[in-house]
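The values are calculated or read from the model by the stated rules, or taken from the named source; none is laboratory data. Since the structure is predicted, the reported quantities are computational estimates derived from the model, not experimental observations. Cβ placement follows ideal geometry from the backbone for every residue including glycine, while neighbour counts extend to all protein chains displayed. Surface areas here come from the heavy atoms of the whole protein model, side chains and all, with no ligands, DNA or RNA. Shrake-Rupley method; radii C 1.70, N 1.55, O 1.52, S 1.80 Å.
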Amino acid sequence: MISRDQALVLKIGGSLIEHAPMIVRVIRESGRDILVIPGGGIFADVVREKEISDTAAHFMAIAAMDQYGWLLSTYGLPVTWTPLMSGSPAILLPYHHMMDADPLPHSWDITSDTISAFYAGLLSVPLVILKSLDHIRTSDGPATALMPGMVTGDLDPAFIPYVTKEQVRGFILRGSDHARLAGFLRGEEVPGTYFGGTI
């Protein structure tokens, strides 16, 4: 459970594109200080299909996050190019900042999952990731908490090592369940997967 006044970085997965209008509405109505990190989704899938260098793919996929961010903005949230908490919800378009800072390795092991964790760590706030599942899945079944060394195909390979090393804490929940998301943003306990301890 999170306190009602806690600022958050919140990543909207690309698989939730059909739910984006309602997700943005829930975020807007929450009144919380939220910096939205867009996934890459269908825009990044185009990059995956090409045989290009790791560096080109890395920055093209981040540019795809900007495209998804612009799409999300059409539902009523402003965009920003600066990773700061502004006191009200906004969508970060990360391309320019990631080009300038270049804080992460250029590899498909790193996607918008780990990029969102980078921004949560940078801003010292919890990270919320919206995906199309109730819990992160592992070979041992659904997980209610991520542990160091855990392996899952539901997050990029760098995510668990990164949040463990950088001590980023947060929660992963089903973004297509709009009532669940609204409840979470009100500070209610909902199903999902914690990492880095409760928030």
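Considered as an equivalent ellipsoid built on the Cα gyration tensor, the chain has semi-axes of 23, 20, 16 Å, the largest given first.
Under a 1.4 Å probe, what is the accessible area of segment 111-162 per residue, stated in Å²?
41 Å²
Where both bridge residues fall in segment 67-199, DSSP classifies roughly 45% of the beta bridges as antiparallel. Pairs of Cα atoms nearer than 8 Å and 6+ residues apart set the relative contact order; for segment 1-110 it is 30 percent. Over segment 107-153, the ratio between the Cα radius of gyration and 2.2 N^0.38 Å evaluates to 1.26.
Could you state the accessible area per residue of segment 1-84 in Å², with a 1.4 Å probe and every protein chain left in place? Write out the running numbers ahead of the final one.
Numbers: 3960 Å² over 84 residues.
That works out to 47 Å² per residue.
Counting charges near GLY183 (Lys, Arg +1; Asp, Glu -1) among other residues having Cβ under 11 Å from its Cβ returns a value of -1.
Can you give me the % of accessible surface on the chain that is carbon or sulfur? Probe 1.4 Å, all protein chains present, nothing else counted.
Here carbon and sulfur together make up 53 percent of the probe-accessible area.
Local charge for THR193 was computed over the other residues whose Cβ lies under 11 Å away, with Lys and Arg +1 and Asp and Glu -1, and equals +1.
Here the peptides 106-119, 44-57, 88-101 are ranked by packing, the mean other Cβ count within 10 Å, and the order with the highest first is 106-119, 88-101, 44-57.
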